[in-house]
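**Q** My questions will all concern the structure given below.
The values are calculated or read from the model by the stated rules, or taken from the named source; none is laboratory data. None of these values were measured; they are calculated from a predicted model. For neighbour counting, all protein chains shown are included, and Cβ atoms are generated from backbone atoms with ideal geometry for every residue, glycine included. These area figures cover heavy atoms from the full protein model, side chains too; ligands, DNA and RNA do not enter into them. Shrake-Rupley method; radii C 1.70, N 1.55, O 1.52, S 1.80 Å.
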Amino acid sequence: MKTKISDLAIFGGRPLFTSTVHVGRPNIGDRQVFLERINRILDNRWFSNNGPFVQEFENRIAGFLGVKHCIAMCNGTIALEIAIRALEMKGEVIVPSLTFIATAHALQWQEITPVFFYIEGDSHNIDPDMVEKMITPRTTGIIGVHLWGRPCDIDSLTRIARNHNLRLLFDAAHAFACSYNGRKIGGFGDAEILSFHATKFMNTFEGGAVVTNNDELARKIRLMKNFGFSGYDNVVYIGTNGKMNEISAAMGLTSLDSLDDFIGVNRRNHERYEERLEGIPGVELVRYNNDQNPNYQYVIVKVDERKVSLSRDRIVEIMHAENVLVRRYFYPGCHAMEPYRSYFPHAGLLLPNTETVLSRVLSLPTGTSVGYEDIDRICDLIRFILNNAQKIVSRMADEQHRN
Ligand code: T4K
């Protein structure tokens, strides 16, 4: 462990970890079972286009979430794009800026303007009153995001969408297996989308899905993800290629077999972080509500620069040098990335809470590849950095001056 600031890797010390520790290391279920499934795919010679594993995967997801339809896709972004198109969103759609860029891009890709809305205090989630104020005659829909797997205010958004006759889609990329007031996320709004990207706790290498209880919407989305084909030689709709392949579905089924284990590990890791970060001034863990069955896949801390005299970005720099690849999800916010920052250069002025959150959050490594020992070392490192913040800042300034 570090005992003096010259031990820090940014000042020439040996990095804390000899190999990099990542935020998004994939979870792997039972390797043997997965390999057996792969052998069956090879024996079947059925690799894509609604194969048996994809069908089984869709049925298991729909059953688990208690929704009528699950349409598996090649990734969460395509799931968003297809759902947006199938819902006939156009003009303007209200969406948070505090999300992964895919949420906004899926709209802009179809020349729909994302209108970024406020978040409430530092809740990281929407302020329903503000959503209502942003509705214009061009607004056709709202996309709510269950950031970090914490459900957004679904009741308020449902009420607003109903009152203003708007489409309502939820980006549930982070929220697989989580609940909202006793019901699994997945069946709310017109539809919800899921991501099973490698970095998600439940992965299919790359993958995603649209889940919905709307029969007509599901039928349309199924056509759209397969070029609009309805049987051989008959295209009835404009479509694209959004299909999930069999290997991804086999990985998904294997991940589902271990779902409880993955959530258990995430929960225990989260508790360990909570314990070990306790009492470090200026560092606060974003908590989950256990009543909503969180999947605990993100460990997010907020750093309050006013209390620690070291910026979040400096901390990231120091930790990266130690081979701890913490992330600043989702800095600097969609509104501050292209093309949105050129389209709406002053959007940040309207999103003060979003900007504050984005300047403070830090995502820490978790998942099955991260053990208690790693967590303890990471937390000790954070404690060391913050206890020595003043000295570190002075030395960094000296070194900068010398160079
Ligand atoms: N909506 C929301 C709210 C989302 O968060 C996302 C995706 C989407 C929609 C879209 O869903 P997809 O189309 O992706 O299915 C990652 C993921 O690529 C992205 O899926 C995810 N959200 C986002 C939160 O994180 P990056 O740019 O951070 O990825 P990258 O390559 O920097 O990887 C993160 C860390 O994980 C690195 O330290 C490396 C490590 N890693 C990554 C991969 C892929 C591994 O150790 N092994 C791996 O296989 O976006």
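**Q** Test Tyr343 against the stated conditions and say whether it is hydroxyl-bearing (Ser, Thr, Tyr) and either open to solvent by less than 20 Å² (accessible area, probe 1.4 Å) or over 30 Å from Ala72 (Cβ atoms) (or both).
**A** On the way: hydroxyl-bearing (Ser, Thr, Tyr): yes; either open to solvent by less than 20 Å² (accessible area, probe 1.4 Å) or over 30 Å from Ala72 (Cβ atoms) (or both): yes.
When the stated conditions are applied, Tyr343 passes them.
**Q** Considering only residues that are more than 16 Å from Val301 (Cβ to Cβ), touching a helix residue (DSSP H, G or I) at 6+ places or on another chain (Cβ under 7 Å) and in contact (Cβ under 8 Å) with a residue 40 or more places away in the chain, which ones fall in the range 345-361?
**A** Our first condition is that a residue be more than 16 Å from Val301 (Cβ to Cβ); within the range 345-361, this holds for 345-355.
Narrowing further to those that are touching a helix residue (DSSP H, G or I) at 6+ places or on another chain (Cβ under 7 Å): 347-348, 351, 355.
Correct list: Ala347, Leu351.
**Q** Would you mention how many residues in the range 1-39 are farther than 18 Å from Leu325 by Cβ, open to solvent by 60 Å² or more (accessible area, probe 1.4 Å) and either among the hydrophobic types (A, V, I, L, M, F, W, C) or touching a residue at least 24 places away in the same chain (Cβ under 8 Å) (or both)?
**A** 4
**Q** Kindly indicate whether Asp43 is within 30 Å of Ile375 (Cβ to Cβ) and more than 16 Å from the ligand (Cβ to nearest atom).
**A** Criteria not met by Asp43.
**Q** Which ones in the range 68-86 are more than 16 Å from the ligand (Cβ to nearest atom) and buried (at least 24 other Cβ atoms within 10 Å of the Cβ)? Give the steps one after another, and end with the answer.
**A** Here is the first cut: in the range 68-86, the ones more than 16 Å from the ligand (Cβ to nearest atom) are 68-69, 86.
Matches in the range 68-86: Ala86 only.
**Q** Then there is this: Go over the candidates Thr113, Thr204, Thr212 one by one and state the one that is open to solvent by 10 Å² or more (accessible area, probe 1.4 Å) and either modelled with pLDDT of 95 or more or within 13 Å of the ligand (Cβ to nearest atom) (or both).
**A** The conditions single out Thr113.
**Q** Kindly indicate whether any position in the range 340-352 is within 15 Å of the ligand (Cβ to nearest atom) and in a helix (DSSP H, G or I).
**A** No, there is no match, as no residue in the range 340-352 is within 15 Å of the ligand (Cβ to nearest atom) and in a helix (DSSP H, G or I).
**Q** Provide a single number: the residues in the range 171-192 that are part of a loop (DSSP other than H, G, I, E, B) and away from the ligand (no atom under 16 Å from the Cβ).
**A** 4
**Q** Then there is this: Condition first: outside any helix (DSSP H, G or I), open to solvent by 30 Å² or more (accessible area, probe 1.4 Å) and among the hydrophobic types (A, V, I, L, M, F, W, C). Now tell me which residues in the range 223-262 satisfy that.
**A** Listed by number, the residues that qualify are Phe227, Phe229, Val235, Val236, Ile238.
**Q** Separate question: Quick one: Gly24 ticks every box in (1) touching a helix residue (DSSP H, G or I) at 6+ places or on another chain (Cβ under 8 Å); (2) at pLDDT below 95 bar one, so which box is it?
**A** (1)
**Q** All but one of (1) touching an Asp or Glu at 6+ places or on another chain (Cβ under 6 Å); (2) part of a helix (DSSP H, G or I) hold for Gly29; which doesn't?
**A** (2)
**Q** For the range 321-330, name all the residues that are open to solvent by 20 Å² or more (accessible area, probe 1.4 Å) and more than 30 Å from Leu259 (Cα to Cα).
**A** Ala321
**Q** For the list (1) under 21 Å from the mean Cα position of the chain (by Cα); (2) within 16 Å of the ligand (Cβ to nearest atom), I need the number of the one condition that Ala62 fails.
**A** (2)
**Q** Determine whether the range 193-200 contains at least one residue that is in contact with a Gly (Cβ under 9 Å, 6 or more places away or on another chain), more than 16 Å from the ligand (Cβ to nearest atom) and either among the aromatic types (Phe, Trp, Tyr) or in a loop (DSSP other than H, G, I, E, B) (or both). First the steps, then the outcome.
**A** Taking the range 193-200 and keeping what is in contact with a Gly (Cβ under 9 Å, 6 or more places away or on another chain), we get 193-200.
Adding the requirement that they be more than 16 Å from the ligand (Cβ to nearest atom) leaves none.
The answer is no, given that none of the residues of the range 193-200 is in contact with a Gly (Cβ under 9 Å, 6 or more places away or on another chain), more than 16 Å from the ligand (Cβ to nearest atom) and either among the aromatic types (Phe, Trp, Tyr) or in a loop (DSSP other than H, G, I, E, B) (or both).
**Q** Residue under question is Val308, and the condition is that it be touching a Pro at 6+ places or on another chain (Cβ under 8 Å), surrounded by 18 or more Cβ atoms within 10 Å (Cβ to Cβ) and modelled with pLDDT under 95; does it hold?
**A** Yes: the conditions hold for Val308.
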